[in-house]
1. For the pair residue B:206 and residue A:265, what calculated FRET efficiency results from E = 1/(1 + (r/R0)^6), where r is the Cβ-Cβ distance and R0 = 60 Å, to the nearest 0.05?
2. Quick one: Cα centre-to-centre distance for segment A:128-192 and segment A:271-289, in angstrom?
3. Do the sum for chain A: with -39,500 (n - 2.57) for every DSSP H run of n ≥ 4, divided by all residues, what is the mean residue ellipticity at 222 nm, to the nearest 500 deg cm²/dmol?
4. If packing is taken as the mean number of other Cβ atoms within 10 Å per residue, what is the order of B:61-70, A:130-139, highest first?
5. Would you mind classifying chain A by shape? Square roots of the alpha carbon gyration tensor eigenvalues, ordered a ≥ b ≥ c; an a/c under 1.5 is rounded, otherwise it is prolate if a/b is larger than b/c and oblate if not.
6. In peptide B:162-172, how many Cβ atoms from other protein chains are near each Cβ within 10 Å, on average?
7. Quick check: the angle from helix A:197-209's long axis to the longest principal axis of chain A, C-alpha only, nearest 10 degrees?
8. Report the label-to-label distance for residue B:218 and residue A:65 in nanometres (one decimal), using points 7 Å from each Cα along the Cα→Cβ vector.
């Protein structure tokens with residue numbers, strides 16, 4: 001397969017290997033030490049590291065600056081970009097800024113609604129939606145033009161990703177929605193955390209039937225549960241999250257001090273099972289504020305050592 | 001129609017209490033339908049303000065009146081004397097009416113009794129819901145007659161987002177997911193395949209982003 005960008009993630013996918021990504025949330029501080037340290041904890045076990053963009057609509061050190069910090073450390077960041085906070089002028093400006101620092105990967109998202117965050121009285125922007133942001137990045141890269149039609153002297157060149165949630169409703173448009181994101185220009189997909197494996201496999205079946213897995217690299221999201229409390233919270237309070245009752249029962253069945261370990265084991269078992277699922281090209285391991293467990297999950301899942309690419 | 005809701009009574013009282021005379025002025029069209037700003041509501045609010053003034057020992061002459069619409073000149077004829085003699089007007093209209101009164105009576109203090117909340121429909125006599133944001137470039141023809149600009153919390157043109165659950169929005173179980181409604185309509189119309197057409201990037205210059213809007217009829 002032809003390599004189109006300088007993205008390490010693209011090279012890994014196109015080498016035929018399963019790719020592994022993880023994510024780090026920037027601090028609510030002007031001190032970057034914390035996110036740099038997180039990056040170093042996982043750097044040998046993942047191919048690229050997503051940097052979240054004011055996730056859950058809580059104000060943090062910006063995604064672009066955090067990506068630059070990791071890039072300067074020699075790591076491979078994935079710039080998450082939400083359309084909630086910036087209009088097309090600011091989005092395009094940040095895309096150029098990221099490219100100027102040699103950031104090669106971008107993940108286009110709509111962003112959590114601000115009412116869930118720390119500034120519920122904020123205005124939201126949504127000048128573009130996530131689908132249109134994918135189109136915008138591809139337009140800038142492939143056509144070398146701004147949305148205005150004016151030429152970009154030195155265009156950016158990103159490996160462009162998008163999110164998918166197979167568990168949100170209505171289920172019947174979840175495969176068509178993926179097709180739409182691919183048509184918009186998405187080259188890789190990171191999904192919502194997968195706990196309901198049967199439902200994920202059903203979605204993937206629909207994806208494979210349409211041949212979409214041959215047009216995009218799909219990475220199921222894997223987030224280990226730290227406790228039965230976390231599992232119950234995610235089942236009850238996180239929109240678009242599908243946590244089966246059996247998983248909650250399994251975690252309830254082990255003593256409190258062993259639940260985290262059980263959560264890791266469930267994550268490893270999920271990866272091992274989904275590795276066999278046709279159309280899966282890698283895993284996005286999101287250990288929320290638990291980055292030090294990523295190496296263990298990757299190793300136990302048989303995804304270590306990571307392949308080396310030029 | 002335009003939907004408004006009366007401001008908290010204390011906020012209204014704080015605005016008007018420093019005047020010697022105040023006219024509570026109803027607008028008997030849109031905001032009367034939602035029982036917030038009609039001539040009847042003006043009468044009730046004026047009574048409440050008189051009671052408050054008495055309780056606090058403040059001497060204010062509080063009158064009330066109203067017209068059919070505070071956004072058109074001809075309707076003001078019947079209230080000409082009342083308004084000309086007023087020191088302050090507490091308008092029960094939407095923001096349009098409040099500004100119209102202010103523009104007509106340059107030296108009269110004008111206060112809003114309502115918060116203008118949205119452009120909406122009358123689901124039942126007591127339930128009003130937002131349906132339009134006057135974005136200036138209607139796309140209802142491609143979304144099955146459901147407006148994502150006013151009804152999707154993220155204003156998505158290519159929804160639904162990952163928070164759509166059992167037909168409801170992630171913001172509230174009371175709130176329908178606009179994109180679930182779009183999809184239901186497309187399906188009912190036998191046009192579900194249209195879902196995969198990517199809606200183009202919006203021209204927001206026709207929205208308030210392009211500055212205050214107006215239009216004139218040619219040769220009228």
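1. Details: r = 55 Å, r/R0 = 0.92.
So, using R0 = 60 Å, E works out to roughly 0.60.
2. Computed from Cα coordinates, the inter-centre distance equals 22 Å.
3. Working: 11 runs with 115 residues, N = 310.
Taken over chain A, the calculation gives -11000 deg cm²/dmol.
4. Values: B:61-70: 20.1, A:130-139: 24.7.
Put in order of decreasing packing, that is A:130-139, B:61-70.
5. On the way: a/c = 1.41, a/b = 1.34, b/c = 1.05.
The shape class here is rounded.
6. Numbers: counts 18, 11, 7, 7, 2, 2, 2, 2, 8, 4, 1.
Taking the mean over all residues of the peptide, I get 6.
7. On a 0 to 90 degree scale, this one is about 40.
8. With each label placed 7 Å out from Cα toward Cβ, I get 5.3 nm.
Read-outs: derived from the displayed coordinates by stated rules, not from any lab. Predicted model, so just to flag it, every value in this text is computed and none were measured. All Cβ positions, glycine included, derive from the backbone under ideal geometry; neighbour counts span all protein chains shown.
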